[in-house]
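Reading through the structure tokens given below for one structure.
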Amino acid sequence: MRVFTLLTALCLLLKEAQAWGYKDGIFHNSIWLEQAAGVYHRESRKGRYQLTYKEAKAVCKYEGGSLATYQQLEAARQIGFHVCAAGWFDRGRVGYPIVKAGAKCGFGKIGIVDYGYRLNKSEKWDVYCYNPNSKECGGVLTDPKRIIQSPGFPDEYQDEQICYWHIRVKLGQRIVLHFLEFDVEDDTACLADYLEVYDSYDDVSGFAGRFCGEELPDDIISTGNVMTLKFLSDASVTAGGFQLHYTAHDASQFSHNHTHYLH
Ligand SMILES: [Ca+2]
């Protein structure tokens, strides 16, 4: 009986860990979708409307931020932050920012569509976080070309960084990553610090490579119009960091349709 109880407890723990996206000891459970003025919208990896209030708070806190306040959400909205998905914000309130009126979203209204303070904190929504200091580290990139670099570059990066860059170019385009500089703490399996590249909009599917050390990685080309880069540093030993650029190209320019390296 005791063994059974222990097994049940272990299963519960495992289930919990999976739900929170535990991977290599790193806890993360959400995808960064849009951001403006330090406010950003995240949804769970499991899809839209999967976060309880407690989980929503944990998502923001994990990245060094907090739930956005109504005022922060409105300030972001005023510079064009438009998201058609309800999320938790400060003090258990739920809503979303609408800039352009549309029949399908926001009931034709402009402003914060406010569902009010929820009595039931187990309801599941997305989340709006606020973290004005994370601008340099990660985000959603939609320009046809951009430079991406480790936080603080050309200075060394700091310990305990976690950055997600989600690249989304036009449909029908593919993304070419080209590395300019690369110096990340070296260890054989890249377990300490690393840059990971995914041929998808999350870091679950489409793994394309994990990089560390001083060798410049080859170019990487996406199969579709999205890509995700994840940089992580552990609690000790830093290095020079990295700089790369991506460019969007029409898919017709390529003869292969797989993620591949150029040699
Ligand atoms: Ca390190």
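Antiparallel DSSP bridges in region 139-253: what percent, to the nearest 5? Around 90 percent antiparallel, to the nearest 5. FRET efficiency for the Tyr62 to Leu191 pair, using the beta carbon distance and R₀ = 22 Å, is estimated at 0.65. Inter-part distance, region 145-182 to region 202-250, computed on C-alpha centroids, equals 7 Å. Fewest-first ordering of Asp114, Asp250 by other beta carbons within 10 Å of each residue's beta carbon gives Asp250, Asp114. Return the loop-located chymotrypsin sites (Phe, Trp or Tyr not before Pro) in region 170-242 (DSSP other than H, G, I, E, B) with at most 13 other Cβ atoms within 10 Å of their own Cβ; answer none if there are none. Those that pass, being in a loop and sparsely packed, number zero. For the pair Glu215 and Arg45, a Förster radius of 25 Å applied to the C-beta separation gives a FRET efficiency near 0.25, rounded to the nearest 0.05.
Every number in this text was worked out from the coordinates using simple rules, so none of it is lab data. These figures come from a predicted structure and were not determined experimentally. Note that we place each Cβ from the backbone using ideal geometry, even for glycine, and neighbour counts take in every protein chain shown.
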